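Quick notes on the structure that follows.
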Amino acid sequence: MLEPYSPDVVWIVVVGYIVALILAFGLGANDVANSFGTSVGSKVLTVKQACMIATVAEIAGSVLMGK
């Protein structure tokens, strides 16, 4: 029986997943800072409100637009 992957290289997938998660977190944090910086700076939103709105918007965007 042909295995779809070699168990010897599973660590590469795990390391790749962790690196991708860290990079995605960093890019998302940068995008949120650009998006909500002026709103928080002008005191229209608090930091907590901006984080809650950003969380909902990021999750909705990934669920609705993701494949």
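Values quoted throughout were computed directly from the atomic coordinates according to the rules given, and no laboratory measurement underlies them. Please read these numbers as outputs of a predicted model, since none were measured by experiment. Don't worry about glycine lacking a Cβ; one is built from the backbone with ideal geometry, like all the others, and counts go over all protein chains shown.
Within the range 37-46, the residues that satisfy the criterion of being assigned to a helix (DSSP H, G or I) and surrounded by 10 or more Cβ atoms within 10 Å (Cβ to Cβ) are Gly37, Thr38, Ser39, Val40. Could you go through the range 24-36 and let me know if any residue there is free of Cβ contacts under 8 Å to residues at least 60 places away in the same chain, among the polar types (S, T, N, Q), surrounded by 11 or more Cβ atoms within 10 Å (Cβ to Cβ) and not in a helix (DSSP H, G or I). No: zero hits. The listed residues are Ala57, Ala50, and the only one of them that is surrounded by 10 or more Cβ atoms within 10 Å (Cβ to Cβ), free of Cβ contacts under 8 Å to residues at least 60 places away in the same chain and touching a Phe, Trp or Tyr at 6+ places or on another chain (Cβ under 7 Å) turns out to be Ala50. Each residue in the range 1-23 was checked for being in a helix (DSSP H, G or I) and among the acidic types (Asp, Glu), and 1 of them qualify. With respect to Ala54, determine if the residue is part of a helix (DSSP H, G or I), among the small types (Gly, Ala, Ser) and out of contact with any helix residue (DSSP H, G or I) (no Cβ under 8 Å at 6 or more places or on another chain). Considered against the rule, which asks whether it is part of a helix (DSSP H, G or I), among the small types (Gly, Ala, Ser) and out of contact with any helix residue (DSSP H, G or I) (no Cβ under 8 Å at 6 or more places or on another chain), Ala54 comes out as no.
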